Structures are given as C-alpha cells and as structure tokens.
Amino acid sequence: MQTRRSLTGAVMLLTALCLVASAATAHDAEVPRPEGRRAQSALNVVATLEHYGSIAKVVGGDRVKVNVIVKGSQNPHTIAVKPSYSVLFNKADLLVANGQLIELGWLDVALVNARNANIMEGHPGFVNCSVGVDIIPYSSEEIEGTPFFILNLGVGGTMRLGNHHYWLDPGNTTIIARNIADKLAEVDLPNAAYYRGNYEQFAAHFGEHLKEWDKQMEPFRGMQLVSYHRSWNYLLRRHGLKVFDYIEPKETLPPSAAYMASLVDRMKRSGVKLILAETYQNRPIIDEIARQTGAKALILPSSVSEDLGIRTPFDFFERLYRELVPALQAARTS
C-alpha cells in the first residue's frame, strides 16, 4: 500500500505556508527553535491520536513523556490545525503517526510551522504505525469526490488510498507497538533494551487476551451488520463478520434522505438487526434508522480515551468486546 508523499516543491510549500501565515506571525515568538531545546531526561513523544499515545506510554515507560493531539473522544476527521500543535512538534524527539492519511488536512501544515525536520516523514523521528499492517484499500466508489480524496490529491497523493482505522483490529496492536519500540530504540540507543523488553512483555500479555477475544467472537462469523463509517472494517474482517452497508454512502459524506430511505428498505428486507457507530457520530440519524428498522444501535468508543475512562489498549478492547458480544448475540436471535 502506497503511503502519503510529503509536501514537495515550491508550490506545495507556499500553499501550506499560506494556510498558516497568520498563525505563524502571531505565535512565532512562542515556538522555540530546535537548537534552543534543553536536554531532556525523557524523550518527548507526540502522538497524533490518543490510541497511539497510550501504546507509546506502555512501550516507553518512564523513559518517555507523551503528548497527544487528537483525543479518543474526538472525530479524527474534523480536526483543525492549531498553533499549539507546532509548539509540541518543535520540541518532539519522536512523532507517532497513523501513516494512512487520517491526519490529512492538519498534520503537514502543523509540521511546516514546527521547524523540526527530524520528525518529518522519512526521518529518524517519524513513526509510521501502519508499517507491517495488512491495509484494506478503499475502492474508487468509496472515496472519489469526497473532501478526503480531493485534499489528498492536493498534497501530491494518489487515488489508491488505504483505510486508516486499522488500530481497531486488536491483532494490529502489537504491530503498532513494535513500530514504536523499534523507533524508540533507534533514537535512544542506550535504552534500546528497555524499550524492547517493554514491548515483549506487552505483546505476550496482550496476545493471551487476544486468544480469548477471538474465541468469544467465533460464533458470529458470517453475520451482517450496518456500519455508520468505514471504521470497523478491520475488526469485522478479523472475526468474519460482513458489512451489509454503510450509513455514509462515501467516506465522511452524510446520507441524503433518499439514500437513508433505500438503506432502511434494504435492511428490513434483509433482516439486518445491528448498527455499529462511534460515539462522535450523528446520533439522530442513527436513532432514526434504528427506529424504522427495529435494529439495535450499538454506539462504541473507537479509541483509548481518558475522557471516556479508557486508559490502555487492553482496557479499550475489553470494553469493546464486553459490549459487542452481547449485542451480536441479541441480533442473532431477534
């Protein structure tokens, strides 16, 4: 899967600079230059998503200080760039990112103003968490004409994009952790054994629980459900569940009245009785489809989120399966 290419060329650079010009002027005094950084006893790690930040904390232990940009309770597709992001990036020794464009629209802009080349993609301080993941590509019908697709082309991307919600397959958790551990070991060689030891311990513990979660989900293979967004594709692929359809006809685009009516009719005729959605999605739309079809709407967190009382990857998946398994059981017997 081809990942995003960085902004290149004078035209792209000028475009990005125009987007942040006013913010850069107002806040320039607040952004220390890399050479002005004081020596740190702990590495400064910035994660774009809270879920990745929680994994970095597990692997990095007391040798890292972790800040996150997007909270797990937020919609990661609607984040607006803030000057404070550039301040964090300027001080960062390591940037932990999705690698499949979920930060499209704000990350490149914030990095331009941060003036810290070390954490740019392709440099030692950049962690692409998707390395080694079996990425699900988007079809052209799912993304063409969407803001996501158009913005990607604007920064030199291609039409072949990958679904960036891969962290929702628990089997990818240890892949993400290994990517982070490898980079921590690379930028902080004296503590390399410490990071790799933390990773090995975490992977062994998490793997035992993964076996139990897989066992719980085995009876539901082949079941169909409706998903609001294309968030759950990796989780469903892992457990052999099928997406009947999506409430969003294309990525991030809300459904029209005609599309909703068609979806409701098809759900009734097919007997689909479960809708999966995330906490930040449009609840009135979800509730109306559930009301008309008699399906259960299951609203799940989609990330580690301290705001929601979920602090670790293990806590997150424990909560997810604790809610998902009974909902699937009820849908199967209804």
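The values are calculated or read from the model by the stated rules, or taken from the named source; none is laboratory data. The structure presented is a predicted model; accordingly, all values stated were derived computationally and were not measured. Neighbour counts run over all protein chains shown; Cβ positions are idealised from the backbone, glycine included. Note: accessible area is taken over every heavy atom of the protein model, side chains too, but ligands, DNA and RNA are not part of it. Shrake-Rupley method; radii C 1.70, N 1.55, O 1.52, S 1.80 Å.
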Percent accessible area from carbon and sulfur atoms, region 264-334, protein chains only, probe 1.4 Å:
44
What does DSSP give for region 224-321 in terms of the percent of beta bridges that are antiparallel, rounded to the nearest 5?
10
Give the accessible surface of the chain per residue, rounded to a whole number of Å², with probe radius 1.4 Å and ligands, DNA and RNA excluded.
44
Show me, for region 320-334, the HN-Hα J-couplings you get by feeding each phi into the Karplus relation (A = 6.51, B = -1.76, C = 1.60, θ = phi - 60°), rounded to Hz, glycine and proline as x.
4, 6, 4, 8, 6, 4, x, 5, 5, 4, 5, 5, 5, 9, 7
How high is the relative contact order of the chain, in percent, counting Cα pairs under 8 Å that sit 6 or more residues apart?
17
Rg/Rh for the chain to two decimals, with Rh computed the Kirkwood way over all alpha-carbon pairs.
0.98
Which far-off residues, 5 or more places away or on another chain, put their amide H under 5 Å from the one on Leu274, with H placed in the peptide plane?
Val226, Lys296
Förster radius 41 Å - calculated FRET efficiency between Leu153 and Arg322 (Cβ-Cβ, nearest 0.05)
0.50
DSSP bridge orientation in the chain - percent antiparallel, rounded to nearest 5
10
Kindly flag which residue pairs out of Lys268/Lys296; Lys211/Lys242; Lys183/Lys250 have an alpha-carbon separation exceeding 23 Å in this structure.
Lys183/Lys250
Rg/Rh for region 198-334: what does it come to with C-alpha atoms and Rh from Kirkwood?
1.00
Okay, helix-only estimate at 222 nm for the chain: each DSSP H run of n ≥ 4 adds -39500 (n - 2.57), divide by all residues, round to 500 deg cm²/dmol; what do you get?
-14500 deg cm²/dmol
